[in-house]
Each structure stands twice: as structure tokens, then as C-alpha cells.
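Below is one structure; the comments refer to it alone.
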């Protein structure tokens, strides 16, 4: 029984990591959104599994929030925005898919070598979960820096946040986890829809963040 | 029951919805000032109240003085803001609807900073820093010009990365503590953790600190994570620049120092002092050189904030009673001086109608009082005696010379370069043929000169209780 519990947790966390790699590899926005939704659903399963074997029913709330908000509502809304802005075909990567994947592999190696040797007091499963979570976080970061498009940057941030939720739920008995995950979802929803994309669209007719760079403050022609 | 501790948290919490609902902007500004004033009064009465702790909140020597400074600067900035926004409405840069939003966010930020300061639970502290950051993100973007949107977006992206890494560090600290303190709330209570820190796993604690350093360091504005800071200062409303520089950077640094205390209580941990020294000196020297190339007056002082955060981080990295004391004093002095400078800069940019330094000339002729205020502020921040900034920098330089002369050389070089740049820019602004309008400033000079007065007094004489708090905290910081 012990080993089954371990294997399933492993499978789900590993699945999230694989989906992270798919995310940084995708070069179309709509495909990116679908992969992200899949990752959020995997996260929900992983959290629910933690809730089950840690005997922590409140984690089911976190799982449900992840499933509903990040698995369905936000991807659907982003799909709509993307269609409205007519950018569903384009994605600009700062560096190509191949080098990004190699960088990603390096980050995974880094997170394993950082987390696995320390924390002798922790159970193996907690440490492995942590290593997986850190890898997902770092890949999310990588995605944020290798994409120039505002929508994909948000997806990168959300994927990073999936890693955080995985880490927080893997930490046995950590207080306030549910509150954190709910607060994060509200935050993301807020930023995604309310403020930035709309304004960026309204002001620039593009959500390509590099277009913003034209407006840097300190140029000599301002003088 | 109403205790001062509850008051500093609940007054802003009640003010947020109230301000969001009040349509009249004058009433909104007045409520903002009153709420900030009441919070400040509660912050002061905290000094005389009984020290309390729970697993969630704590009042100790460290945060009690920072709460006072924070609520004070928040109060004076709200007065400055009230005189600032009238002009923004006249020029049409802000509309009444956005002002409601602005005032509500202002109180949200103050409440969140107070939460971060008095939190004993490290998770709650994280929430406080984040909410404060995100409310400033929205205020930075409030003018909705392309520049402002870019600044807010950059701030949001970099801030989110900081958020994420700091949260991961917090989880790691909990995992370490949970081993010793058991599951649940006690394993996130800072004071319990410090008592037991010696038996924590040192390697994991060091790893956690690295994440916290990068995460909170992004918000402190340390190079190379500083990219958001100059834009956020330059494109947002000036009162927000004042609280960003004066308060939010301090609060982020405070969070980091709480964790440094944990490491100081555990002998087996990595020597994080070296990392902080390097980050601090890099920020200092980098910002000092960047000061020369600034054309925008608010960006100029934003880089000066990076420089000073570098100095403070360096001081805590050096450690030891004297350097820590200097660091704490410098935190306070920088907070008061930099916000005073932004008050002056806010009025200057409004009367001159531009932030470009080249277009602001002859201030001493057109607006003598404002020129005196700005000049005193800049001389104080540049580290001239008899102001308080000189005192803390002198303490730091002399204690560094005694221990690490080579590092002291770098420190002094950075300070001198920054001094040169600031004085150069200051004389461009003050002298020459007056530019722009010479119309009167509809402004209150009280906050500006009150801050400068405090900085002057602190440079000449530090009251006994403050010295005592600083000593106790300096010892805990290791």
C-alpha cells in the first residue's frame, strides 16, 4: 500500500513536469493553453491524492479550486481573448525550442541536485515532491523569460504557480495552504482579465510585450 | 477589544471599502489622511502598550520601531498626496473614478505593510508583502499612459517571480521547522522557530534562505533584480514613489532580516553574509554609476534608492553589533529622507510640468522654498553632515575599515561616485535660467520639512529608547 501511494504521487508530479516541458516546447498560443489546462488538471489530481493519503480533507478545496479555475475557467477565457485579439496563430520565442529544452533539462538537474541531498529529516516522498515542484517552478520561470507575448507570460506564471501549489500541498500539515491557493487564483484571474491584457490591447493593438519597449522613458528624443 | 495592534490592521481594512465608495475626491483625500493619521496614532500608542505575541502576530523590539516609521511616513505621504492629486485632476491625468481606486489602494497597501511587519506567522508575512506589492503595481499603472502600462507590467512580471521564489523559500522553512516543532501553526511562528533554530537542519535552512534572498531581494530592488524599480518610480504618481522607496523596500528587507535572524541562531548554516555583501556592493556601485546618466528626475532618485538599499544590505551582510546598528539606522534615515525628496520632486514636476532634468532649471529663483527643501533633502541623502544619513554611513564605513579595509574602499568609492552624481544633478536643477512656470505651488510644505527636521535631529542626537531597540535587534541579527 505504501508503495502504491508513493507511485501514484510520483506519477502525477512527474506528469506535471512532462507537461511543463510540453509547455515550453509549444509554439502556438492555443496549444499552449490546452497543455496548461491539462497541467492544472494533473495538479488537481495530485493535490487530491495528497489530501487522500495525508488525511487532510481541506486540501480537496485546493484541488477543486485548481480544477475549476485553472483547469477550465481561465484557459477558456484566455482562448476567447486570444481569438478576439486574433493572435491564436502567433508565438514568438526569444530562443528556439531546442535550446530551451536543453536549458529546461539543466534546470531539472539543478533542482534535483539542490533538493535531494538536503532535508535528511524529510521522507523521501516529500523530498521528491519538492524536487518535482521546484523543477516545475523553474520551468515556469524559463517560460516567462523565453516568451515575449503577454498571454504566454501569464501562462508561464500560472504554470509556475502550479509548482508552488504542488510544493505547498506536499508539505505535510502546512497551515493556510487553502487560503494561499485561493488567493493566488483570485490574483491571477484579476490580472488576467481586469487590468493588463485589456489595457495593453487598448493602448498598443498588440499584446507583444516587446512593443512596449518602444516606450521606454529615457530616450534622447524626449529631450 | 481594541488594542493598538488591532487598530493598525483594522483601520486601513475599514478605510479600503469606504474610500472605494466615497465619490467625492476631496472627501476621499480627507478620509485617507484621517485614516492614515489614526493608524499612525495607533502605531505610536503601540510603543506604550504591552508587548504581545501569538502564533499569528507579534510585537517585538525589531518591528515596533518600523511600525512607527511606516505609519508615520504613510501619514505624511497621505497629506502630501492630498495636495498632489488636486493638480493631477486639473491637468486631467487622473479622473475622479481613478482617484477612488487610488485612495482605496493606498490604504490597502498600508494595511498590508502593517500586516507584514507585525506578522509572526511567516506565511502571513509573505501575504502582507505580496498584497502591498500588488496594490502598488496597480497604482503604478494608474495613469494608463504607454510608459505607465509598461512599468506596471514589468513590475508585475518581476514581482511575480519574487513572489514565487519567496513563497518556495517559505515552504522550505516550514518543512525544516516542522521536523522540530511538529505540524501546524507553531512551525510557522517566527519566535518559536528562533528559539529552536539551533536544532534545524542547517543545509535545508541555507537553501531556503537563498530562495528568500532572491525572492524578497527582488522587492528590495537589489541589482541584478532591480529592473522594475526605476520604471515603477518614474511612471506612477509621486506619492506612490515616496512610499515605494520609503516604505515598501524597507518592509521587504525587514522580511529578509527576520529569516537572517533564524540563520544567525543556527551555527551550521551557510555564511549568507558574503552573498549579502556582494549583492549590496554590486547594487551600490552599479546604481552610483547609473546616477550619472539619468535624464529623468524621478528615475534619478529611484536609482539612489537602489544605491541605499545596497548600502543597507551590505551593512547587514557585514554583521556585528556596529554594522547592524548602522544598517538599522540607515533604514530609518533613508526612509524619512527619500520620501521627503519625493515630496519635493512631486511639487517640482507639477510646477515645471516635466520630469526631464534638462527642462527643470533655475528652481532657486522661481521657487526658493521648494529649492531649499529639495537641496536639503539631496544633501542629506548624499551623506553630508549633520544629517542622520551621514551618521549611519560614517558608522558603517568606520566599522568596515576596522574589519575589511578592501571592502571599505569599494564602499567609499560607491558613496563618493553617488555623491558626485547627485550634487551635479542638483545644481543643474537649482541654478541657471528659470524654466517653465513660476506660479505658486499649491502645496503643504509641512511633511517635507518635518521629515528633514527628524533627519537633522537624528544626526545630532538619537533618543535613548531608539538606541536601545537598535542594540537589541543588532545583537539578534548576528
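Tally up the residues in the stretch A:102-133 that are at the interface with chain B (Cβ under 10 Å from one of its Cβ atoms) and in a loop (DSSP other than H, G, I, E, B), please.
Adding up the residues that qualify gives 6.
For residue B:46, state whether it is out of contact with any strand residue (DSSP E or B) (no Cβ under 9 Å at 6 or more places or on another chain) and under 18 Å from residue B:76 (Cα atoms). The answer is no for residue B:46. Check the stretch B:69-83 and report whether any residue there is closer than 30 Å to residue A:174 by Cβ, out of contact with any strand residue (DSSP E or B) (no Cβ under 9 Å at 6 or more places or on another chain) and touching a residue at least 12 places away in the same chain (Cβ under 8 Å). Within the stretch B:69-83 (the criterion being closer than 30 Å to residue A:174 by Cβ, out of contact with any strand residue (DSSP E or B) (no Cβ under 9 Å at 6 or more places or on another chain) and touching a residue at least 12 places away in the same chain (Cβ under 8 Å)), the answer is yes, since at least one residue qualifies. Restricting B:261, B:290 to residues that are surrounded by fewer than 23 Cβ atoms within 10 Å (Cβ to Cβ), within 14 Å of chain A (Cβ to nearest Cβ) and part of a helix (DSSP H, G or I) narrows the list to B:290. Scanning the stretch B:187-198 for residues that are closer than 27 Å to residue B:133 by Cβ and either out of contact with any helix residue (DSSP H, G or I) (no Cβ under 7 Å at 6 or more places or on another chain) or within 11 Å of chain A (Cβ to nearest Cβ) (or both) yields B:187, B:188, B:189, B:191. Return yes when residue B:105 is modelled with pLDDT under 95, part of a helix (DSSP H, G or I) and over 30 Å from residue B:352 (Cα atoms) and no when it is not. Spelling it out, it is not the case that residue B:105 is modelled with pLDDT under 95, part of a helix (DSSP H, G or I) and over 30 Å from residue B:352 (Cα atoms).
The condition of being modelled with pLDDT of 90 or more and closer than 30 Å to residue B:182 by Cβ holds for only one of B:38, B:9, B:5, that being B:9. Note on the stretch B:402-478: no enclosed helices (runs of 4 or more DSSP H) hold 3 or more residues that are touching a strand residue (DSSP E or B) at 6+ places or on another chain (Cβ under 7 Å) and buried (at least 18 other Cβ atoms within 10 Å of the Cβ).
Within the stretch B:164-177, the residues that satisfy the criterion of being more than 9 Å from chain A (Cβ to nearest Cβ) and more than 13 Å from residue A:174 (Cα to Cα) are B:166, B:169. Checking B:346, B:320, B:310 one by one, the residue that is more than 25 Å from residue B:72 (Cβ to Cβ) and in contact (Cβ under 8 Å) with a residue 40 or more places away in the chain is B:320 and no other. Only a single criterion out of (1) at pLDDT below 90; (2) away from every other protein chain (no Cβ under 14 Å); (3) closer than 30 Å to residue B:75 by Cα; (4) touching a helix residue (DSSP H, G or I) at 6+ places or on another chain (Cβ under 7 Å) is not satisfied by residue B:351, namely (4).
Determine whether the stretch B:178-186 contains at least one residue that is touching a helix residue (DSSP H, G or I) at 6+ places or on another chain (Cβ under 8 Å) and buried (at least 24 other Cβ atoms within 10 Å of the Cβ). Within the stretch B:178-186, none of the residues are touching a helix residue (DSSP H, G or I) at 6+ places or on another chain (Cβ under 8 Å) and buried (at least 24 other Cβ atoms within 10 Å of the Cβ).
Suppose the filter is crowded, with 24+ Cβ neighbours inside 10 Å, touching a residue at least 60 places away in the same chain (Cβ under 8 Å) and either at the interface with chain B (Cβ under 8 Å from one of its Cβ atoms) or assigned to a helix (DSSP H, G or I) (or both); does residue A:163 pass it? When the stated conditions are applied, residue A:163 passes them. Within the stretch A:179-190, residues that are facing another protein chain (nearest Cβ under 9 Å) have Cβ atoms under 6 Å from residues that are outside any helix (DSSP H, G or I) in no pair, counting only partners at least 6 apart in sequence or on another chain. Residues in the stretch B:116-144 that are in a helix (DSSP H, G or I), within 14 Å of another protein chain (Cβ to nearest Cβ) and touching a strand residue (DSSP E or B) at 6+ places or on another chain (Cβ under 9 Å): 6 in all.
The values are calculated or read from the model by the stated rules, or taken from the named source; none is laboratory data. This structure is a prediction, so every number in the text was calculated from the model and none was measured. Virtual Cβ from ideal backbone geometry, glycine too; neighbours counted across all protein chains shown.
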